[in-house]
1. So in region 219-253, with the set limited to residues that are within 13 Å of ligand 1 (Cβ to nearest atom) and of a type in the set (S, T, N, Q), which one is nearest to the chain's Cα centre (by Cα)?
2. For residues that are in contact with a helix residue (DSSP H, G or I) (Cβ under 8 Å, 6 or more places away or on another chain), of a type outside the set (A, V, I, L, M, F, W, C) and loosely packed, with under 15 Cβ neighbours inside 10 Å, tally how many sit in region 236-275.
3. Sort out which residues of region 4-19 are out of contact with any strand residue (DSSP E or B) (no Cβ under 6 Å at 6 or more places or on another chain) and at pLDDT 95 or above, and write them in order of number.
4. Sort out which residues of region 64-88 are more than 16 Å from ligand 2 (Cβ to nearest atom) and of a type outside the set (Lys, Arg), and write them in order of number.
5. When you go through Gly216, Gly189, Gly156 one by one, which is the residue that is within 16 Å of ligand 1 (Cβ to nearest atom), at pLDDT below 95 and closer than 20 Å to Glu11 by Cβ?
6. From the list Thr133, Thr149, Thr129, exactly one residue is under 22 Å from Gly24 (Cα atoms) and among the polar types (S, T, N, Q). Which is it?
7. Has region 129-143 got any residue that is in a loop (DSSP other than H, G, I, E, B), within 16 Å of ligand 2 (Cβ to nearest atom) and at pLDDT 95 or above?
8. Considering only region 156-190, state which residues are surrounded by fewer than 24 Cβ atoms within 10 Å (Cβ to Cβ) and within 13 Å of ligand 2 (Cβ to nearest atom).
Amino acid sequence: MSNLRMTVVVENTAGRLGLLAEHGLSFWIELGSQKVLFDTGQGKVLSGNAHRLAIRLELVDAVILSHGHYDHTGGLSYVLRSARRPRVYSHPAAFEPKYARSADGSGRGIGMPFLSEGDVREQSELIWTEAPTEVGEGLMLTGPVPRRTDFEDTGGAFFADKDCAQPDDLVDDQAAFLETSAGTVVILGCAHAGVINTLRYVQTLTKDRPIHTVIGGMHLVSAGPERLNRTVDEFRRLNVRRLLPCHCTGPAAVARLWHEFPAECEACPTGTVIEVEG
Ligand SMILES: [Zn+2]
Ligand SMILES: [Zn+2]
C-alpha cells in the first residue's frame with residue numbers, strides 16, 4: 001500500500017508566512033504515482049498557496065469535487081486551464097444551481113461558478129460518482145451518502161431555486177476514503193450528508209474496519225446541542241484516533257470536539273501536511 005501525503009492548500013485559516021486563507025477547502029493528495037486535488041477552494045488563493053507550498057497543480061491526475069458549492073469548486077477553472085485533461089470526479093448534481101437563503105429570505109447563488117458541465121467535459125475526463133468509485137491507488141469516493149441518522153440534516157437552508165421553494169438535499173455531497181494499515185482515513189468536503197452518516201457509510205463500504213483519521217469540514221456550524229451531543233457520542237463510539245475538524249465545522253463545534261477529544265484533535269490550517277503510512 002502506498003503512503004498518503006496530504007497538504008492543506010486552501011482552508012479558512014492560514015498557518016504560516018506567505019499563505020492566504022479564504023472560506024473554502026482544497027487538499028493536495030500524493031498517493032503512490034497519483035496526484036489528486038480534493039476540492040479547489042473559491043479560486044482566489046489556490047494558485048498562490050500552491051506556488052508557495054511548491055505544489056505543481058499542472059501535474060494533477062485527478063480532481064475530486066466533494067459537492068457543487070462555490071467554496072469547493074471555484075478554483076476548478078484555473079486547475080483545468082493549467083493541467084492536462086485530468087480526470088474530474090463529481091456527482092452530476094454538483095453542476096445544478098444552488099442557493100442559500102439569506103436572513104432577509106432572499107436566495108443567493110452558492111453553486112459552481114465560471115464553469116458549465118460542457119466546459120468541464122472539454123477540458124477533462126469527467127467521471128460521475130453516483131456510486132462508490134475508485135480514484136486510484138485505493139483512494140475511494142463514497143458517491144451519495146445514505147442519510148440514516150435521525151439527528152443530522154444538511155446543516156443549512158439550502159435550495160435549488162432562487163425563490164428558495166425547492167430544498168436542495170445536496171445529493172452530490174461525497175467524501176473520500178483510504179484504507180491504511182492503521183485504519184481508514186476519511187476526507188470530508190462539508191459532510192452535508194452528516195458527518196456520522198458519512199463515517200457509518202464508509203464503515204459499511206470497508207467491512208467495518210476502524211476509522212483512524214477524519215479530516216475536513218463537518219458543517220456543524222448551525223448544529224444545536226442535541227446534534228452536537230450525539231455527534232460527540234458517535235465519535236467516541238467510533239474511537240477515531242486523529243480528528244482534524246476544519247472549514248465549515250464551526251467554532252462552537254470545533255471547541256466542543258477539542259474539549260471532548262484533546263488528544264485526538266489537531267488543527268489543520270492552510271499549509272498543514274498530514275502523512276499516513278500505507
Ligand atoms: Zn457546502
Ligand atoms: Zn464548504
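The values are calculated or read from the model by the stated rules, or taken from the named source; none is laboratory data. Every value quoted in this text rests on a predicted model; they were computed, and no experiment measured them. Methodologically, a virtual Cβ is constructed for each residue, glycine included, from the backbone with ideal geometry; neighbour enumeration extends over all protein chains shown.
1. Thr249
2. Residues in region 236-275 being in contact with a helix residue (DSSP H, G or I) (Cβ under 8 Å, 6 or more places away or on another chain), of a type outside the set (A, V, I, L, M, F, W, C) and loosely packed, with under 15 Cβ neighbours inside 10 Å: 1 in total.
3. Asn12, Thr13, Gly18
4. Ser77, Tyr78, Val79, Leu80, Ser82, Ala83, Pro86, Val88
5. Answer to the selection: Gly156.
6. Within the list Thr133, Thr149, Thr129, the selection yields Thr129.
7. Taking every residue of region 129-143 in turn, none turns out to be in a loop (DSSP other than H, G, I, E, B), within 16 Å of ligand 2 (Cβ to nearest atom) and at pLDDT 95 or above.
8. Selection gives Gly156, Phe158.
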